[in-house]
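I have placed the structure first, in the form of structure tokens, so that the comments after it can refer back to it.
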Number of protein chains: 2
Amino acid sequence: MNDLVGRYFDAAIAHLQRVREEEADAIEAAAALLAEAVAQGRRVFTFGAGHSSLPAQDVVYRAGGLVPVNLLNVPGMAGVTVMPAPLASALERVSGLATTSLDLTPATAGDVLFVISLSGRQVMPVELARYARDRGLTVIGVTSLAYPGEVPSAHPSGTYLKDNCDVVLDSKIAVGDGELTHPGARTTFGPVSTIVTSALMQAVVASAVGRLAEAAEAGTAEAPPLFRSGNVPGGTEWNVRQMSDNAERIFYTY
Amino acid sequence: MNDLVGRYFDAAIAHLQRVREEEADAIEAAAALLAEAVAQGRRVFTFGAGHSSLPAQDVVYRAGGLVPVNLLNVPGMAGVTVMPAPLASALERVSGLATTSLDLTPATAGDVLFVISLSGRQVMPVELARYARDRGLTVIGVTSLAYPGEVPSAHPSGTYLKDNCDVVLDSKIAVGDGELTHPGARTTFGPVSTIVTSALMQAVVASAVGRLAEAAEAGTAEAPPLFRSGNVPGGTEWNVRQMSDNAERIFYTY
């Protein structure tokens, strides 16, 4: 054996260490915007298409996560649940979906939108980021800066997600998203994008929680609105109260 | 600041190093079953409810992933896309959903089913694993062995997911799924379960690809069926051919 398991974990860990060091400033900048929005009673939205939806969903209605974070749920694009599966990728190339979807959310100026796109080159994420900023939202992009330059933008402007954000978090995932090779395999394999992108999102939330908790400790603000696990005693009751207290800025429950 | 970002990355990396060492044998055992099933023309399914669906979707229709891997898609349970969001957790407690859902798939004896559940205690994952094994499927569970003992099973048998699998991968996530604390926050935060569980799933796939690639290199088998990124030149055409070549064992396209 080639110890592909060891090589896979090494690649994931090295990648996490790299973004931990090189993206620290961007993570803090995003966390400052997120904490400020939560403190001011604003709403937070996350979006990604296909596999980029997975880190977007990872911070929504999440044990240990902030309560007022909502998924911008565009039918057919959330993960790989649509049939046929290639439709999710095809929808990313349709102009007008982003504007229509955002118009139907209650998002208003001052709210925060996370747009996650590994390549950052498709119509949907670029159009969404541009339109959201036009509407006065704060846009935080999570993307790989390895793609621009190597792969052309599919958006009419020629721009990428990175060009249309207030803060950009660079996942540094290589084009093709495969960390491993084997002479008997005809393509690279072993993708780490979900691990790294989820870590970036969770790190931003963790820092934002810390900022809000500092203010709470100093007595100048309420404790940060956090969910607990539904699998620990009292967790479900705690979460019901959180949803009730934040009813005007969560849109995934009645 | 308490450098919560650094602490979050440290926790994620330490956790990955721990499962890399302690779960190596279980990962190889799961990979051997997966590679054998793929080589024999069998089909592969993955399931998780709520946030446990994210690592399940991470290996389906995936650049750098195996082609014949299908999501067992139970409406309302795939991620956090259902409205109201607490419905996903509530559905996990409904007996009969697992058997009904599996009956409506084309899964047959000899196929492989991955069941992902962080706590491993809810009705749905336990019922699904038991019923799948009754039907002759090979069941690989991905769960945290920290929960049994600390939190009671909700399944009538009193068993957990871990008790109903051919191979168990232990994510070792602490009860509550929060790696961080702050005196100003009223609960733990900073969940690493998506990162660790995705890494376990991807490591199993990587090792299975390696096993298939060894056979291909030795001339005793075809090259492993892998998807490429749709964002690299020729990727989409490559993927169309893969789907055509494996049409009888993928169920997410026409």
Item to complete: Kindly indicate the residue of segment B:151-209 that is over 16 Å from the mean Cα position of the chain (by Cα) and acidic (Asp, Glu) and also surrounded by the fewest Cβ atoms within 10 Å (Cβ to Cβ) among those meeting that condition.
Response: B:163
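Can you name every residue in segment A:128-138 that is buried (at least 22 other Cβ atoms within 10 Å of the Cβ) and over 15 Å from residue A:73 (Cβ atoms)?
A:129, A:132, A:137, A:138, listed by residue number.
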Item to complete: Report, ordered by the first and then the second residue, all pairs with beta carbons closer than 6 Å, sequence separation of six or more or different chains, a first member in segment B:218-233 that is more than 7 Å from chain A (Cβ to nearest Cβ), and a second member that is of a type in the set (Gly, Ala, Ser).
Response: B:221/B:215; B:227/B:63; B:227/B:65
Worksheet item: Looking at (1) assigned to a helix (DSSP H, G or I); (2) surrounded by fewer than 24 Cβ atoms within 10 Å (Cβ to Cβ); (3) within 14 Å of another protein chain (Cβ to nearest Cβ), which is the one condition that is false for residue B:57?
Response: (2)
Response to the item:
Taking segment B:1-26 and the residues there that are in contact (Cβ under 8 Å) with a residue 60 or more places away in the chain and more than 7 Å from every other protein chain (Cβ to nearest Cβ), the one that is least open to solvent (accessible area, probe 1.4 Å) would be B:19
Worksheet item: What number of residues in segment B:53-76 are at pLDDT 95 or above and over 14 Å from the mean Cα position of the chain (by Cα)?
Response: 2
Worksheet item: Looking at residue A:111, is it of a type in the set (Asp, Glu), free of Cβ contacts under 8 Å to residues at least 40 places away in the same chain and more than 10 Å from chain B (Cβ to nearest Cβ)?
Response: no
Item to complete: For residues that are modelled with pLDDT of 90 or more and more than 19 Å from the chain's Cα centre (by Cα), tally how many sit in segment A:237-254.
Response: 12
Fill in: Any hit, segment A:28-37, residues being modelled with pLDDT under 95 and over 30 Å from residue B:19 (Cα atoms)
no
Worksheet entry | Residue check, residue B:49 more than 10 Å from chain A (Cβ to nearest Cβ) and more than 26 Å from residue A:196 (Cα to Cα) | no
Worksheet entry | Flag for residue A:31 being touching a Lys or Arg at 6+ places or on another chain (Cβ under 8 Å), open to solvent by less than 10 Å² (accessible area, probe 1.4 Å) and either among the aromatic types (Phe, Trp, Tyr) or within 9 Å of another protein chain (Cβ to nearest Cβ) (or both) | yes
Practice prompt. Return the residue satisfying two criteria in turn: it lies in segment B:240-254 and is outside any helix (DSSP H, G or I) and not hydrophobic (A, V, I, L, M, F, W, C), and of such residues it is farthest from residue B:68 (Cα to Cα).
Written response: B:254
Discussion item. Please go through (1) in a helix (DSSP H, G or I); (2) at pLDDT below 95; (3) hydrophobic (A, V, I, L, M, F, W, C) for residue A:132 and return the number of the only condition it doesn't satisfy.
Written reply: (2)
Worksheet item: Can you name the residue in segment B:67-119 that is part of a loop (DSSP other than H, G, I, E, B) and of a type in the set (D, E, K, R) and, of all such residues, is least open to solvent (accessible area, probe 1.4 Å)?
Response: B:111
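The values are calculated or read from the model by the stated rules, or taken from the named source; none is laboratory data. Quick caveat, the model's predicted, so the values are computed rather than measured. Quick reminder, even Gly has a Cβ in these numbers, built from the backbone with ideal geometry, and neighbours come from all protein chains shown. Side chains are part of the model used for accessible areas, which takes the heavy atoms of the whole protein and leaves out ligands, DNA and RNA. Shrake-Rupley method; radii C 1.70, N 1.55, O 1.52, S 1.80 Å.
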